[in-house]
């Protein structure tokens, strides 16, 4: 589209799996008649002969010879519609809906405004009660969100619109500042990628106890109202505040991810941790309430890895290093460790999170040859790249801060989980009280 | 390609495509659905949870070429896996079928949504047309 704007006729070629996304997004970005040509799907993984056969075959949408369509896209004269300019204000529906409770629940389902489970109906009374959870005015713009920055337009939203979603998720007004903090970042929990990505939020500060969040036994499971509802609200916000989460249009994860239902909400167990809390590592004061965001592929368990059977202290660091084998270096590593693991690592000499991150960075190595065959992993760039040979062992990540640690769990066993996720940013919750 | 027919075939009017999905466009009246929904009980009024999309500025498309004969067509990859090999096959196709067309392959720098000013300047200077491979 940018190239068309420069006055150069363009034929975008898209595989058929992305038809709806391509057509609707072209319209939303201002070129509803963009001459997109479609190929069979996929292109990736096909031989040269198979790809050439695509070119000799038909566009699967029009049923006409594909290359004829491509040439036509570049040469067929413009129609009056193709040359239109002006501005359209897209509607999003009436400000309110009226119906019985059952009808309204069905309406939320039919219009993709829920996570396909019943919602708390956002009546005026409930939304007004939610708004009492903040001093910010209902019409204040909180932020802008998009299912994928740069690929989709950014929608904006007000404090009241966040409140509507908060009510729907089952939040109480006490949770509202935290949800506004999420909204202020514009981070969608439903990032549109074919990779079925997931999002995580680490919560630090006294608000964890104020909201009676669970950072002990079962912290990341469905065993606490605040943990569950905050995560669900983030998903609803990610669908409704930016038009995201429409499968095939604004969400393209091939398989989807169960974590998207309510995300990874991780209140840090600061009380039982021997290490500095995550937010203090980032320069905030212990008494500040902070939410920190992560983003990446998925989470997996640490049990079973090499070194965990060592006595008297399991070699957690070796296990962690071994666990990282399947991780792609496009994202980093987030370790969620039970306090028992953090204490055990302390007994092994890792007195800080930075100590263990530094050890892992130096000792988690991968061969150049393997990196060349790994998807979403890359070799170092710069002058040293010229000296790399296939048999050389290089760090999986070049920087220690690719390894992040959060302490969470109820000390029923010294276990850890780890996610192939990168840290994004931390923001104040207190600002939204 | 007849885009109007295409859009109709997809069940979308060109006008509707120029908007975001709307309640009006997608709404199914409860009494039209085969569900257990009943209209009984008191009527409630609830708030719309959607945010506000930005206005859409329509972008006029570029004037088309009279012919590809003798023209330089840039084949641009946005970096998704397989796009380079696919565009290479397009280059081969032109050599076989339209040898007067010159093709030039370029990989756009950065992520798929990132700008690449250097490439854009080259296109503006040298490209008569562009075929861009997007996605997988």
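Annotations for the structure displayed:
- Only one of the listed residues (A:71, A:120, A:88) is out of contact with any strand residue (DSSP E or B) (no Cβ under 6 Å at 6 or more places or on another chain) and at the interface with another protein chain (Cβ under 8 Å from one of its Cβ atoms). That residue is A:71.
- Residue that is farthest from residue B:69 (Cα to Cα), among those in region A:35-53 that are more than 8 Å from chain B (Cβ to nearest Cβ) and surrounded by 21 or more Cβ atoms within 10 Å (Cβ to Cβ): A:38
- Residue match in region A:62-69 (condition: part of a loop (DSSP other than H, G, I, E, B), surrounded by fewer than 18 Cβ atoms within 10 Å (Cβ to Cβ) and not assigned by TED's automatic domain parsing to the domain that holds residue A:178): yes
- Every residue from region B:52-103 that is assigned to a strand (DSSP E or B) and within 20 Å of the chain's Cα centre (by Cα): B:56, B:57, B:58, B:73, B:74, B:75, B:76, B:77
- Test result for residue A:143, at the interface with chain B (Cβ under 9 Å from one of its Cβ atoms), surrounded by fewer than 23 Cβ atoms within 10 Å (Cβ to Cβ) and either part of a helix (DSSP H, G or I) or touching a helix residue (DSSP H, G or I) at 6+ places or on another chain (Cβ under 9 Å) (or both): no
- Scanning region A:173-194 turns up no residue that is over 21 Å from residue A:294 (Cα atoms), modelled with pLDDT of 95 or more, surrounded by 23 or more Cβ atoms within 10 Å (Cβ to Cβ) and in contact with a strand residue (DSSP E or B) (Cβ under 6 Å, 6 or more places away or on another chain).
- Candidate set from region B:90-103 (those that are more than 10 Å from every other protein chain (Cβ to nearest Cβ) and touching a residue at least 12 places away in the same chain (Cβ under 8 Å)); member that is farthest from residue A:19 (Cα to Cα): B:100
- Among residues of region B:104-130, those that are facing chain A (nearest Cβ under 9 Å), in contact with a strand residue (DSSP E or B) (Cβ under 9 Å, 6 or more places away or on another chain) and assigned to a loop (DSSP other than H, G, I, E, B), counted: 4
- Test: residue in region A:34-48 that is in contact with a helix residue (DSSP H, G or I) (Cβ under 8 Å, 6 or more places away or on another chain), more than 23 Å from residue B:56 (Cβ to Cβ) and assigned to a helix (DSSP H, G or I): yes
- Qualifying positions in region A:160-189 - closer than 14 Å to residue A:138 by Cβ and out of contact with any helix residue (DSSP H, G or I) (no Cβ under 7 Å at 6 or more places or on another chain): A:161
- Sole residue being over 20 Å from residue A:265 (Cα atoms), touching a helix residue (DSSP H, G or I) at 6+ places or on another chain (Cβ under 6 Å) and assigned by TED's automatic domain parsing to the domain that holds residue A:299, chosen from A:358, A:401, A:347, A:370: A:358
- Of all residues in region B:108-136, those satisfying the criterion of being in contact with a helix residue (DSSP H, G or I) (Cβ under 9 Å, 6 or more places away or on another chain), surrounded by 14 or more Cβ atoms within 10 Å (Cβ to Cβ) and at negative phi are B:108, B:120, B:123, B:127, B:128, B:129, B:130, B:131, B:132, B:133, B:134, B:136.
The values are calculated or read from the model by the stated rules, or taken from the named source; none is laboratory data. Values in this document were obtained by computation on a predicted structure and should not be read as measured data. Note: ideal-geometry Cβ built from the backbone for every residue, glycine included; neighbour counts use all protein chains shown.
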